[in-house]
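Peer 1: Have a look at this one before I ask anything.
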Amino acid sequence: MADALDQLWDRRHALGLIGVGAGLASAPAWAQALVDLGLPGGNGARPSTSNFPGKGNMILQRGRAPLLETPMDALDGQVFTPNDRFFVRWHYSDIPTAVDVRTFRLNVGGAVRRRLSLSLAELLAMPRIEIAAVNQCSGNSRGLFSPRVPGAQWGNGAIGNAKWVGVRLRDVLDRAGVAPGAVAVKFGGLDKPPPGAPAFEKSLALDHARGGEVMIAYLMNGAQLPMLNGFPLRLIVPGWYSTYWVKALDRIEVLSAPDTGYWMEKAYRIPDTPGANVRPGAKDFPTVPINGMVPRAFFTNIANGANVTARSPFYIRGLAMGGTSGVARVELSMNGGRSWHAAPLGPDQGRYGFRLWEATVPGVAPGRYKLAVRCTNSTGQTQVAQAIWNPAGFMRNPIETIAVTAA
Ligand SMILES: Nc1nc2c(c(=O)[nH]1)N[C@H]1C(S)=C(S)[C@@H](COP(=O)(O)O)O[C@H]1N2
Ligand SMILES: [Mo]
């Protein structure tokens, strides 16, 4: 088993972040070209950087705690997002910078018959499962809200899809033996809050936790997780927003009463209205914890403002996701949504993952065109042109529309 550990992972995986990220509020000397996220009202230019350990070129939203956005080109043409281009989001700046795979333990406690302190070798010896799933920040595309809302001003790139390998959370819970009367399961990681702040902890209802899909992953696209994406273990909650996907997971607590912690009771809540939509400026509405994702489709090889050659065919493609169920269809419009045509889909690599769509548009007369793409999932849920609004900027998914000029 020691050998299996060595084969899978660096023995002591370290970030090497020392020195990087100290004074990043002002323009970092190591920032590269600016990327314009096209946020409404402007202020959408962000530096790009490849100075984060284990990461290639990323859009720098914040250095400390890191918020790194995936540029659209890294999502183009493939359903699995490379680990070194996968977006990064941490709440607190005291993030783990090194983990010794020999001494690391995942602790399981609370309302259980037997407390566990599992080594990575013990987890590796358990039955493994594999699942493709999209990891998307609740606030992905928040910067596009109009009126604007506070929070990380993400474009569309706080999202990625990976093939995750690990163990079923249910198997770990069964090994501990959930005590009668338990109702929820809480998760925490190695990152530390500043004094007085609540640890970043999230919880799931017991039935969801034991449902068989929620997993503890130790491989991401066949490799160890990048330190910044939660090495050595993270929770995967297929179909749900990634606020629940606790990184650097080192403790699980079975609860016999609902979680009243800050990150469940105060943060990451959405209006309890259809589509999490409220009128801009609304306050004092009932809320529920954010949960399942909604369908989305993106263009990845063409952007707003693109020029194409008139009267000659052009190839466009992108990615779609169904949210809590698989992609049933992706449709494309050349006239801003007045008429729609089905776009061919790439192979299905798992219903919680990305699905590639593509189309070759026949030559068009010179002029300006509004291209739109929409996804419908297998429960019939689809996207609408009118964007929702809520004060936290969560769950954005209007039909993506871009202007293209043929000349
Ligand atoms: N331990 C820990 N896990 C965490 C967070 C965090 O701050 N600490 N942030 C969550 C949020 S809000 C997001 S969007 C995802 C980001 O995952 P990624 O950095 O691997 O893309 O991690 C989630 N898991
Ligand atoms: Mo997030």
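Peer 1: Suppose every K and R has +1 on its Cβ and every D and E has -1 on its Cβ; what is the size of the dipole of the stretch 269-407 about the Cα centre, in Debye to the nearest 20?
Peer 2: 200 debye
Peer 1: For the stretch 107-209, with only Lys/Arg (+1) and Asp/Glu (-1) charged at the beta-carbon, what is the dipole magnitude about the Cα centre, in debye rounded to 20?
Peer 2: Here the size comes out at about 80 debye.
Peer 1: Using just the C-alpha positions of the stretch 296-406 as equal point scatterers, what log10 of I(q)/I(0) does the Debye formula give at each q in 0.21 1/Å?
Peer 2: -1.12
Peer 1: Longer than 29 Å from Cα to Cα, which of K163/K370; K192/K266; K163/K202; K202/K370; K55/K163 are they? Say none if no pair is.
Peer 2: Pairs exceeding the cut-off: K163/K370; K202/K370.
Peer 1: So, one more: Could you give me the ³J(HN,Hα) list for the stretch 239-248, computed from phi with Karplus coefficients 6.51, -1.76, 1.60 and θ = phi - 60°, whole Hz, x at Gly and Pro?
Peer 2: x, 9, 4, 6, 4, 7, 7, 4, 8, 6
Peer 1: Shifting gears a bit: For the stretch 106-267, what is Rg from Cα atoms divided by 2.2 N^0.38 Å, rounded to two decimals?
Peer 2: Working it through for the stretch 106-267, the quotient is 1.05.
Peer 1: Now, a different point. Label H341 and F285 with points 7 Å out from Cα along Cα→Cβ: what is the distance between them in nm?
Peer 2: For H341 paired with F285, the spin-label model returns 3.8 nm.
Peer 1: So between T401 and A14, what do we pick up on full extension, going 0.36 nm a residue minus the alpha carbon distance?
Peer 2: Going from the current span to full extension adds 135.1 nm.
Peer 1: Let me spell out the model: positive unit charges on the Cβ of Lys and Arg, negative unit charges on the Cβ of Asp and Glu, origin at the Cα centre of the chain. What dipole size does that give, in debye rounded to 20?
Peer 2: Its charge dipole is roughly 460 debye.
Peer 1: With unit charges on the beta carbons (Lys and Arg positive, Asp and Glu negative) and the dipole taken about the Cα centre of the stretch 296-406, which residue among G318, W357, A385 sits farthest to the positive side?
Peer 2: Value: A385.
Peer 1: How much area per residue is accessible in the chain when the probe is 1.4 Å and only protein heavy atoms are counted (Å²)?
Peer 2: Normalised by residue count, the accessible surface of the chain is 41 Å².
Peer 1: By per-residue mean of other Cβ atoms within 10 Å, what is the highest-first order of 135-143, 88-96, 379-387?
Peer 2: Packing proxy ranking, top to bottom: 135-143, 88-96, 379-387.
Peer 1: Same structure again: For the chain, give the percent of accessible area contributed by carbon and sulfur heavy atoms, probe 1.4 Å, rounded to a whole number.
Peer 2: 50 percent
Peer 1: Give me the mean projected area, in nm² to one decimal, of the convex hull enclosing the Cα positions of the chain.
Peer 2: Across all orientations, the chain yields a mean hull projection of 20.6 nm².
Peer 1: Given the -39500 (n - 2.57) contribution per DSSP H run of 4+ residues, what per-residue ellipticity at 222 nm results for the chain, rounded to the nearest 500 deg cm²/dmol?
Peer 2: Dividing the helical sum by the residues of the chain leaves -1500 deg cm²/dmol.
The values are calculated or read from the model by the stated rules, or taken from the named source; none is laboratory data. If you're wondering where the values come from, they're calculated on a predicted model, not measured in any experiment. Cβ: placed from backbone, ideal geometry, glycine included. Neighbour counts: every protein chain shown. Ligands, DNA and RNA are stripped out before the accessible areas are found, and what is left, the full protein with its side chains, is counted by its heavy atoms. Shrake-Rupley method; radii C 1.70, N 1.55, O 1.52, S 1.80 Å.
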